[in-house]
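See structure below.
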Amino acid sequence: MKFCKWKWHLDEMFVKIKGGTHYLWRAVDHEGEVLESYVTKRRDRKAALKFLKKAMRKHGQCDELVTDRLKSYGAALRDLNALEKQCTGRWMNNRAENSHLPFRRRERAMLRFRQMRCLQK
């Protein structure tokens, strides 16, 4: 199933795995469904580019990417020649932020995660 005409909301969040800080990158569609997730140790252009390529390879191109003001997204989208698709605004990315809430509940119930593999499923 391709999600080519939809709006994607991209966001990253901090996650503790075995006491170390990792970053969970997530792509959420306009209905709040999680399309793709990816765990990295860094939050830079290289990690954002790998995440975006993975999401676009699996789900196709989208018309609009709503992100926060993280510089890594702009640099990665510049490499993909898709900078004009990026939208940033004050409350525009609430769809992605609200999708973190069930995830945080699961994290608290498990008393932190122990493997990176269980996050990306």
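Quick note: the coordinates plus some simple rules give every number you see, no bench work behind them. Owing to the predicted nature of the structure, the values given are computational and were not obtained by experimental measurement. For neighbour counting, all protein chains shown are included, and Cβ atoms are generated from backbone atoms with ideal geometry for every residue, glycine included.
Points worth noting:
- Packing rank of 30-40, 46-56, where each peptide gets the mean count of other beta carbons within 10 Å, highest leading: 46-56, 30-40
- Extent along principal axes [Cα atoms of segment 7-110; Å; largest to smallest]: 40, 27, 27
- Semi-axis lengths, Å, segment 48-91, gyration tensor of Cα atoms, sqrt of 5 times eigenvalues: 17, 12, 9
- Relative exposure of Cys62, Cys87, judged by other C-beta atoms within 10 Å (fewest first): Cys87, Cys62
- 19 Å Cα-Cα threshold exceeded, pairs from Lys50/Lys71; Lys7/Lys54; Lys16/Lys54; Lys16/Lys41; Lys46/Lys71: Lys16/Lys54
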